[in-house]
Amino acid sequence: MPLTIVTQPTIVAGDSLSSVLNLSASNVGLLRVTCPAAWTGNAWLTFQISNDNTTFYDVYDYTGALLISRVVPNAIIVVRQELWRMAYVKFRSGSPAAPVVQVQQRIFTCAME
């Protein structure tokens, strides 16, 4: 089955949390993310998920560790299995306790099936 490319979510300039990536109609879910060309600071990428697109929760793995990824500008992140089948996802620059504001708009390109 071919990949569907979606140019979202987007973190607007002056914010640390992205718009919603809607995966609710996806057969498989989120497979990979192409990072924006630039990234403010050395911030981790963390995630929020929701089942109803209203209430979002920070994502932790089964050990209780915050699910994080390093942002490498103009590179592709292969998404961890924990995010494959989520309904609604937001990307965060930084962590819940220490968000990092992006000085310019950052657009992620997401591949899903």
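Give me the strands (runs of 3 or more DSSP E) completely within region 44-111, filtered to those with at least 3 residues that are among the polar types (S, T, N, Q), ordered by residue number.
Passing ranges, in order: 44-50.
Might you let me know whether region 24-39 holds any residue that is touching a strand residue (DSSP E or B) at 6+ places or on another chain (Cβ under 9 Å), aliphatic (A, V, I, L, M), surrounded by 19 or more Cβ atoms within 10 Å (Cβ to Cβ) and not in a strand (DSSP E or B)?
No, because not a single residue in region 24-39 is touching a strand residue (DSSP E or B) at 6+ places or on another chain (Cβ under 9 Å), aliphatic (A, V, I, L, M), surrounded by 19 or more Cβ atoms within 10 Å (Cβ to Cβ) and not in a strand (DSSP E or B).
Criterion first (surrounded by fewer than 19 Cβ atoms within 10 Å (Cβ to Cβ), of a type in the set (Ser, Thr, Tyr) and touching a residue at least 40 places away in the same chain (Cβ under 8 Å)) does SER69 satisfy it?
It is false that SER69 is surrounded by fewer than 19 Cβ atoms within 10 Å (Cβ to Cβ), of a type in the set (Ser, Thr, Tyr) and touching a residue at least 40 places away in the same chain (Cβ under 8 Å).
Could you grab me the full set of residues in region 88-113 that are aliphatic (A, V, I, L, M) and out of contact with any Gly (no Cβ under 9 Å at 6 or more places or on another chain)? Working first, answer last.
Taking region 88-113 and keeping what is aliphatic (A, V, I, L, M), we get 89, 97-98, 100-101, 103, 107, 111-112.
Scanning region 88-113 gives VAL89, ALA97, ALA98, ILE107, ALA111.
Of all residues in region 1-19 being modelled with pLDDT under 95 and assigned to a loop (DSSP other than H, G, I, E, B), which is surrounded by the most Cβ atoms within 10 Å (Cβ to Cβ)?
Taking the candidates together, the pick is PRO9.
The values are calculated or read from the model by the stated rules, or taken from the named source; none is laboratory data. Remember, predicted model here, so these are calculated numbers, not experimental data. Virtual Cβ from ideal backbone geometry, glycine too; neighbours counted across all protein chains shown.
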